[in-house]
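Undergrad: Here you go, one structure.
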Amino acid sequence: MIGIILHSGEWDRIYHAFSLASMYSALETKVTVFLTYWSIESLANGKMNCGDEKKNEVFKKAMEEGKIKELTEIVELGKAFGNMEIIACSGSMEIFRYELSDLPEWVDRIAGLGEFLMNTEKVIFI
Amino acid sequence: MKLSLEQIEKLDVSQTLDLSGEVCPVPTLKTKAALNKAKEGELIKVILTSKKSAENIGAEFRDKVYAYCQHKNRFIIILKK
């Protein structure tokens, strides 16, 4: 199983993490995205911010041209292959005081770092 | 094998994927989903308008490429399950 720890709240990194996860899932590799800290905050408030104006402009233009999709589309494309789970880190959820219902419905459940790492051979940190 | 547009249009395909304007990772994700759905021996027509995406699909599904052609800025790849 491949683990992707998504720490960043920057939208380009979030989009990259889920493109990576969806591709692993399409290639029949089990993958789990573990949401922590700022990624949870960005997904909860849905504000798309790449961290600076120049990046935001590039991202916005690429979306208008259809080259970058809505995040939900990339996630659903990946989940359809059945090899992808999305977990919110229980510690981060408590720190930021969010409930599962505050997050997009494609976030499967809340779990701890230990359980996540126990099932994971390789971890990618974004 | 490289065919003419006319020859490609005559092929009996079970699915057609119009991926015009799509860029990585979407073409690979949608093509893999279509292949998973197809039955053994069926042909899938994939239409792309980005040379890079066409090269990606050609490489990623190398063992399934049955025929292909380029017509102006349209790249058509026929995959066989």
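Undergrad: For A:Ser8, are the conditions met, namely being touching a residue at least 40 places away in the same chain (Cβ under 8 Å), part of a helix (DSSP H, G or I) and of a type in the set (S, T, N, Q)?
TA: Against the criterion (touching a residue at least 40 places away in the same chain (Cβ under 8 Å), part of a helix (DSSP H, G or I) and of a type in the set (S, T, N, Q)), A:Ser8 does not qualify.
Undergrad: Right, here's the next one. Looking at (1) of a type in the set (Gly, Ala, Ser); (2) free of Cβ contacts under 8 Å to residues at least 40 places away in the same chain; (3) open to solvent by 40 Å² or more (accessible area, probe 1.4 Å), find the lone condition where A:Gly66 falls short.
TA: (3)
Undergrad: Among the residues of the stretch A:5-47, write down those that are small (Gly, Ala, Ser) and on the phi > 0 side of the Ramachandran plot.
TA: Passing the criteria: only A:Gly46.
Undergrad: Just to be sure I understand, how many residues within the stretch B:1-41 are within 13 Å of the chain's Cα centre (by Cα) and open to solvent by 50 Å² or more (accessible area, probe 1.4 Å)?
TA: 8
Undergrad: I would also like to ask the following. Over 24 Å from A:Gly112 (Cα atoms) and either surrounded by fewer than 16 Cβ atoms within 10 Å (Cβ to Cβ) or modelled with pLDDT of 95 or more (or both), is that true of A:Phe18?
TA: When the stated conditions are applied, A:Phe18 does not pass them.
Undergrad: Also, I was wondering about something else. Test A:Asp52 against the stated conditions and say whether it is open to solvent by 30 Å² or more (accessible area, probe 1.4 Å), under 25 Å from A:Glu99 (Cα atoms) and among the charged types (D, E, K, R).
TA: So A:Asp52 fails the test.
The values are calculated or read from the model by the stated rules, or taken from the named source; none is laboratory data. These numbers come from a predicted model, not from an experiment. In this analysis, Cβ positions are derived from the backbone assuming ideal geometry, glycine residues included, and neighbour counts consider all displayed protein chains. SASA here: full protein model, heavy atoms, side chains in, ligands and nucleic acids out. Shrake-Rupley method; radii C 1.70, N 1.55, O 1.52, S 1.80 Å.
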